[in-house]
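The structure appears below as structure tokens.
The values are calculated or read from the model by the stated rules, or taken from the named source; none is laboratory data. Computed from a prediction, not measured in an experiment: that's the story for all the values here. Backbone-built Cβ (ideal geometry, glycine too); neighbour counts: all protein chains shown. Accessible surface is based on the protein model in full, side chains and every heavy atom, while ligands, DNA and RNA are left aside. Shrake-Rupley method; radii C 1.70, N 1.55, O 1.52, S 1.80 Å.
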Amino acid sequence: MADTFRGMWVVAYRELLRFISERSRIFSSFAMPLLFLVIFGAGFNRIIGSLTPGVNFIQFMYPGIIAMTVLTNSVMSGLSVVWDREFGFLKEILVAPIGRSGIVLGKAVGSAAVAVMQGIIMLVLAPILGVSLTPLLVVKLIPMLILISVSLSGLGILIASRMRSQQSFQIIVQIIIFPLIFLSGVFFPVNSVPTWLAVISKINPLTYGVDAIRQLFLGREIAAMGGAMGGNFAIGVTVFGHTMTIIEDMLIVVILGVILLSTAAWSFSRQE
Amino acid sequence: MNIIEVEGLSKNFGHLVAVDKVDFQVAEGEIFGFLGPNGAGKTTTINMLCTLLTPTGGRATVNGYDVVRQRSEVRRSIGLVFQEPTLDEYLTAEQNLRFHAYAYKIPGEIREKRISELLDLVELSDRRKSKVRTFSGGMKRRLEIARGLLHSPRVLFLDEPTLGLDPQTRRHIWDYVLALRKQHSLTIFLTTHYMDEAENCDRITIIDQGHIIALDTPDKLKDALGGDVITLKAQDNNAAVLELKEKYSLSPVIENGTITFSVPQGEKFLPKMMGNFQSPLVSISLRRPTLDDVFLKLTGRAIREEGAGIKELAMKVRAMRGHGR
Ligand SMILES: Nc1ncnc2c1ncn2[C@@H]1O[C@H](COP(=O)(O)OP(=O)(O)OP(=O)(O)O)[C@@H](O)[C@H]1O
Ligand SMILES: [Mg+2]
């Protein structure tokens with residue numbers, strides 16, 4: 001147990017050292033989310049108008065984009081596992097007295113730290129987009145981003161545990177992550193799309209991570225509409241007639257994380 | 001007590017038997033060498049001893065701990081330098097060592113001191129803050145050795161520690177290894193296919209196609225050949241071999257167009273033989289036996305060193321081009 005814990009911190013520590021020493025990564029990871037925000041935002045904002053009084057399309061999408069930044073970067077964390085395998089350093093890690101679950105947790109925590117930092121950097125856009133930020137909101141946001149990102153790193157590491165080259169990892173991740181993101185309600189209100197799309201989106205666990213962050217940002221607007229339960233269709237996710245609260249959303253994320261991380265640890269320890 | 005005990009250890013990869021029921025013991029403080037050609041199973045054996053591979057059969061203990069059931073204890077007892085580089089090239093020398101120190105739980109009070117000591121030992125103190133990416137092959141190797149020693153292991157595994165290094169650096173690395181043994185009663189388990197390096201070992205295991213074919217001190221292995229080695233080239237090698245067999249009942253081997261055999265007291269044998277040898281000779285030489293000869297004698301093949309392999313390859317490529325024309 002102590003070995004696992006120490007392993008987790010050492011591996012996470014190195015992940016951060018690596019991140020700091022590769023500054024270009026800090027910027028490249030913003031390209032995609034920014035692109036989406038600008039293109040979709042500029043393209044649809046005018047046409048769609050406000051979804052809910054006081055919330056235009058960009059303001060609706062923005063919390064989703066923060067979630068997207070965090071989850072893309074978390075899943076990409078697996079890349080560092082593949083990288084380590086390709087360049088040999090994984091052997092140094094595997095042969096140290098730290099245990100496989102320590103390694104997996106360390107990779108998850110390290111990349112979560114990086115992903116959360118990137119999510120937080122996205123907050124600088126808030127004033128430009130007319131989204132109000134309060135210190136309380138930021139304080140609540142951080143633990144949510146941490147949970148989302150630790151959970152989703154599990155997915156990246158799980159994929160990486162079976163991949164031998166960076167190219168194949170990236171291909172698999174693209175194939176998996178794009179549908180997950182597009183069907184997670186980043187770009188549309190899950191409650192007001194055709195049923196088939198809504199059903200798929202509601203099965204996608206990422207939807208709940210996105211919803212939690214959106215509720216955090218736009219909670220006041222929802223309240224102004226008469227509460228989360230009160231017929232609000234633009235924001236929120238309704239499952240079997242029940243509109244999910246932030247806590248319930250996060251619970252789903254955590255359950256997903258536990259499943260992904262333990263599968264990753266298992267998959268990691270099975271191979272030699 | 002033997003620090004390494006191996007009994008019937010085997011590893012199969014599918015149908016391929018990489019290591020086939022090997023047995024050996026390594027005493028504490030020994031320099032124990034594994035010598036064999038490419039694909040002999042040296043790395044596979046090390047990987048099993050260091051818990052990276054699970055054996056398919058047999059058992060092994062390192063420092064008294066079972067390599068399957070007590071992995072953590074084994075890992076704590078050993079230091080490793082793998083065949084391929086395993087440094088994080090994007091971190092500095094110092095950061096690589098510090099990572100290792102944390103991973104092996106080296107207490108804070110002695111951590112920095114030990115890092116400095118070891119960087120001194122491998123003469124990299126002035127580069128401690130440079131990224132490993134900027135190091136030469138020899139410097140990386142030295143840093144890996146320093147890292148392998150950081151947590152004061154009982155056994156240091158070195159898988160081809162001097163592969164691809166220039167003779168001067170090789171000498172250098174050997175100086176460390178020999179000095180270390182003296183100072184710390186460290187046991188060293190190494191693999192190599194450089195014969196001259198193998199001579200530095202206390203005992204050598206010759207392994208070929210997963211089997212141990214000899215295990216002894218370098219001197220005894222050479223003595224077992226029965227004297228000195230004579231290599232000669234004749235105009236007709238086959239005729240010469242026949243003559244050697246008939247006249248002197250020797251057992252010569254032809255390898256790469258030269259005939260090799262051993263005789264006791266070669267300096268006396270040679271003049272006698274020259275007196276009445278019928279086959280016309282092109283060249284002849286006499287020398288003390290090397291481990292090369294031991295290997296040749298035991299397997300009928302020369303152990304292929306890096307250089308020779310490349311030369312052969314270059315010749316094949318040239319021959320292929322010739323055909324194309
Ligand atoms: N992961 C693996 N999967 C399948 N076969 C393997 C694997 N690792 C090694 N082998 C095979 O096992 C045999 C022994 O390999 P090993 O790496 O132990 O040789 P070696 O003695 O270290 O050779 P070298 O001098 O080239 O390093 C080889 O035939 C090799 O192809
Ligand atoms: Mg090898």
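In peptide A:76-87, how many Cβ atoms from other protein chains are near each Cβ within 10 Å, on average? Let's see the in-between values first.
Working: counts 0, 0, 0, 0, 0, 0, 0, 2, 2, 0, 0, 7.
Counting Cβ atoms of other protein chains within 10 Å of each residue's Cβ and averaging gives 1.
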_Classify the range A:99-224 from the C-alpha gyration tensor, please: rounded if a/c falls under 1.5, else prolate or oblate depending on whether a/b exceeds b/c._
oblate
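What is the gain in length, in nm to one decimal, between B:K113 and B:S72 on full extension, counting 0.36 nm per residue of separation less the C-alpha to C-alpha distance?
On the way: separation 41, 0.36 × 41 = 14.76 nm, distance 2.52 nm.
Length gained, B:K113 through B:S72: 12.2 nm.
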*asked:* Among B:226-234, B:94-102, how do they line up by average Cβ neighbours within 10 Å per residue, starting with the highest?
replied: B:94-102, B:226-234
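Which whole number of Å³ per residue matches the convex hull of the alpha-carbon atoms in chain A? Can you show the working numbers first?
Details: hull volume 36.0 nm³, N = 272.
Residue-normalised Cα hull volume stands at 132 Å³.
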*Using a 10 Å cut-off on Cβ to Cβ distances, tally the other chain neighbours for every residue of B:73-80 and report the average as a whole number.*
3
*Compute, for B:K129, the solvent-accessible surface of its heavy atoms (probe 1.4 Å) with the complete set of protein chains present, and express it in square angstrom to the nearest 10.*
150
*Pulled fully out, how much extra length does the chain show between A:L16 and A:M117, if you take 0.36 nm times their separation in residues and subtract their Cα-Cα distance?*
35.3 nm
*Check cross-link reach from B:K105 to the lysines: straight Cα distance under 20 Å, and skip same-chain residues fewer than eight apart.*
A:K91, A:K107, B:K113
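For the pair A:T245 and A:F182, what calculated FRET efficiency results from E = 1/(1 + (r/R0)^6), where r is the Cβ-Cβ distance and R0 = 25 Å, to the nearest 0.05?
Details: r = 25 Å, r/R0 = 0.99.
Efficiency for this residue pair is about 0.50.
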*Accessible area per residue, Å², the range A:2-269 with all protein chains present, probe 1.4 Å*: 41
*Principal axis lengths of chain B from Cα atoms, whole Å, largest first?*
76, 46, 43
_Along the Cα→Cβ direction, 7 angstrom out, place labels at A:I259 and B:L163. What is the inter-label distance in nm?_
4.3
*Which value results for Rg/Rh of the range A:1-135 when Rg is the Cα radius of gyration and Rh the Kirkwood radius based on the inverse mean 1/r?*
1.12
*Short version: what are the Cα gyration tensor semi-axes of the protein assembly as shown, square root of 5 times each eigenvalue, largest first, in whole Å?*
65, 25, 21
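I'd like to know how the range A:130-194 sits against the 2.2 N^0.38 Å rule of thumb: what's its Cα Rg over that expected value?
Here the answer is 1.49, to two decimals.
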*Helix-only [θ]222 nm of the protein assembly as shown, DSSP H runs n ≥ 4, -39500 (n - 2.57) each, per residue, nearest 500*: -18500 deg cm²/dmol
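What ranking of A:L105, A:L197 comes out by heavy-atom accessible area, probe 1.4 Å, highest first? All intermediate terms of the calculation are to be shown ahead of the outcome.
Numbers: A:L105 60, A:L197 30 Å².
Putting A:L105, A:L197 in descending order of accessible area: A:L105, A:L197.
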_Segment B:Q235-B:K272, extension gain: residue separation times 0.36 nm, minus the distance between their alpha carbons_ = 11.3 nm
*Excluding same-chain residues fewer than 8 positions from B:K247, which lysines have a Cα within less than 23 Å of its Cα?*
B:K233, B:K268, B:K272, B:K297
*Using a basic spin-label model with each label point 7 Å from the Cα along Cα→Cβ, how many nm lie between B:D219 and A:Q174?*
6.5
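Partner chain Cβ atoms within 10 Å, averaged over the residues of A:152-165 - can you pull that number for me? Display every interim value, and only then the final one.
On the way: counts 0, 0, 0, 0, 0, 0, 0, 0, 0, 0, 0, 0, 0, 0.
Mean shielding count: 0.
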*Give the accessible area for A:I200 in Å² (nearest 10); use a 1.4 Å probe, count only protein heavy atoms, and leave out ligands, DNA and RNA.*
70
*Just tell me which aspartates and glutamates come within less than 13 Å, Cα to Cα, of B:K42; anything on the same chain fewer than 8 places away is out.*
B:D20, B:D159, B:E160, B:D208
_A:F30-B:D23 pseudo-label distance in nm [points 7 Å out on the Cα-to-Cβ vector]_ = 6.8
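About its Cα centre, how strong a charge dipole does the range A:2-269 have in debye, to the nearest 20, once Lys and Arg get +1 and Asp and Glu get -1 at the Cβ? The partial results should precede the final answer.
On the way: 16 positive and 10 negative charges, 70 e Å.
Rounded to the nearest 20 debye, it is 340 debye.
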*Under Karplus coefficients 6.51, -1.76 and 1.60, residue-wise ³J(HN,Hα) of the range A:175-187 in Hz, glycine/proline x*: 5, 7, 7, 5, x, 4, 6, 5, 9, 10, x, 5, 9
_What figure, in Å² to the nearest 10, do you get for the accessible area of A:M144 with a 1.4 Å probe and non-protein molecules left out?_
20
*With all protein chains present, how much of the accessible area of chain A (probe radius 1.4 Å) comes from carbon and sulfur, to the nearest whole percent?*
75
